[in-house]
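**Student:** Dropping the structure in here first, questions after.
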Amino acid sequence: MNNLQKVLLNYTEVQELYRNSVFRQTEIPVEYAVSLAMPTKKLGIPGYAYFASPALRVPGQPTQQDPPNRWWIVDAHGGQLLIFAQWKVMPFATDVNWTPVQLPPISATIDEMRQVLSDVESIMNKLIPDFFADEPGDPNTRNTLAQTLAEYLPKPLIPQYRTLAPDFFTWLEAEAF
Amino acid sequence: MTSDLETNNFGQDVPPLITSVMEITDVIERPFNRDIPYYQDVLPDGRRTIVTGDVEGCKKFNHRQGDNPYDYKETCGLVSCEGVLRQFGVNVTEADVVKYAATRGLCSPGGGTTEYTQAQIISDFGVPARPEKLGSFERLAQCVGEGRGIIIAVNAGVLWNDGNYFDNGQANHAIVVTGVARDPVTDQIQGFFINDSGTGPQDSGRFIDVNTMQNAWLNTGGIGVVTEIVRSRV
């Protein structure tokens, strides 16, 4: 009998895995904008979902970002790819009508943005085990993450994040369990 | 740059060698490839340096991306491929590279490329290349010294010091590395020189210090595309 318990990757480890993955070098154009990793159990097992979108960055002009062009989910236990698809073949949502958007200007410095990302990472590391274990997690911490994401994520992209990992957002924003 | 310059063996105007104060000792090794320029210079912040790489010569291989008749604008990777190919005497334009890549599925609509397709494109034009996790400044400097063509993936927001292009901190822009700067006494790497199609000719041969390179490149994966062959007779 196999009594071995699988260990979940934490958020920091998943981010590091993506940075170094061969998958990134073969399937995700460098120029694309890649989402934050979003915890999800939509495939029935703990995983992290991403989407990637073409983006045009010209110094002095707002970034233009197209709708998601590809998406994938990795196993939260070891980072193996569970599913990858280009939107034109298999979208992660069929009842949406996203169009290219101009991202809102950002006044934060690079250091400030890195700090926010670090905060998101830290809170995710605390909360994700509860999400994957179907536990409610600390409501104050959930609320903090919900607010941080609402402020950090570009507003035109929030619907894409919510559609990518609806179960995580439902859990995050639940008032009572 | 200092005002009293003299011409070195590569036809470059450089500060005179001050042997009484700052000697180039055996600590500073000549680059692996003696065809690659190697000269004294002064960094924008006034620090003396030893530069390895054909920084000046490669400036002409850079231009603002999007210069093609196909309305492909996300072409930093493709323009970087063009720049590397031209370093090796393959006389292509951005339009040539875009057309080749687009008709063979080697770029996305709009021009986006992966490290693997960048290597494929460069190889297909006759200059063998491979993706590589360079992973360190010394490895990157070694490739420069060997005379390899090098494309690296960086975060544009960090490179341009502008949060509007930071995204989520990942590598999102491709640039060409053309030179490395080392401290003349300690041999420590002070930074690298790049060609950046995002900003165009004004940034050709731009110096990027190690702190910026750490955050823009190493911390985002330290990935690059390097040619299998080296330049000669620069």
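**Student:** Could you give each residue of region B:224-229 its phi-based ³J(HN,Hα) in whole Hz, using Karplus coefficients 6.51, -1.76, 1.60 with θ = phi - 60°, and x for Gly or Pro?
**Tutor:** x, 10, 10, 6, 6, 9
**Student:** What pairs from A:K42/A:K88; B:K59/B:K99; A:K155/B:K99 go past 27 Å between their alpha carbons?
**Tutor:** From the list (A:K42/A:K88; B:K59/B:K99; A:K155/B:K99), the Cα-Cα distance tops 27 Å for A:K155/B:K99.
**Student:** Still on this model: Counting C-alpha atoms alone, how compact is region B:80-234: give Rg to one decimal and Dmax as a whole number, in angstrom.
**Tutor:** My reading of the Cα-based Rg and Dmax gives 14.9, 51 Å.
**Student:** Percent of Cα-Cα pairs more than 27 Å apart in the protein assembly as shown, please.
**Tutor:** Values: 44829 of 84255 pairs.
Tail of P(r) above 27 Å: 53 percent of Cα pairs.
**Student:** For A:T63, enumerate residues with amide H under 5 Å from its amide H, sequence gap 5+ or separate chain, H modeled in the peptide plane.
**Tutor:** Amide H neighbours of A:T63, under 5 Å, 5+ apart: A:L103.
**Student:** Next question. Amide H neighbours of B:G66 under 5 Å, at least 5 residues apart or on other chains, H built in the peptide plane: list them.
**Tutor:** Those qualifying (amide H under 5 Å, at least 5 residues apart or on another chain) are B:T75.
**Student:** Helices from chain B with mean Kyte-Doolittle at least 0.0 and a Cα length along the axis of 15 Å or more, per DSSP H: which?
**Tutor:** B:76-87
**Student:** Determine ³J(HN,Hα), in whole Hz, for all residues of region A:36-49 in sequence, where each value follows from phi through the Karplus function 6.51 cos²θ - 1.76 cosθ + 1.60 and θ = phi - 60°; x replaces Gly and Pro.
**Tutor:** 3J(HN,Hα) across region A:36-49, in whole Hz: 5, 5, 10, x, 7, 10, 5, 8, x, 9, x, x, 10, 9.
**Student:** What list of ³J(HN,Hα) couplings, whole Hz, do you get for region B:58-68 from phi and the Karplus terms 6.51, -1.76, 1.60, once you set θ to phi - 60° and write x for glycine and proline?
**Tutor:** Along region B:58-68, the couplings run 7, 4, 5, 8, 10, 7, 5, 5, x, 8, 8 Hz.
**Student:** Would you grab the residues whose amide H sits under 5 Å from the one on B:G179? Only those 5+ places off in sequence or on another chain, please, with H modelled 1.01 Å from N.
**Tutor:** Correct list: B:F193.
Where a number appears in this text, it was derived from the coordinates with a stated rule and is not lab data. Quick caveat, the model's predicted, so the values are computed rather than measured.
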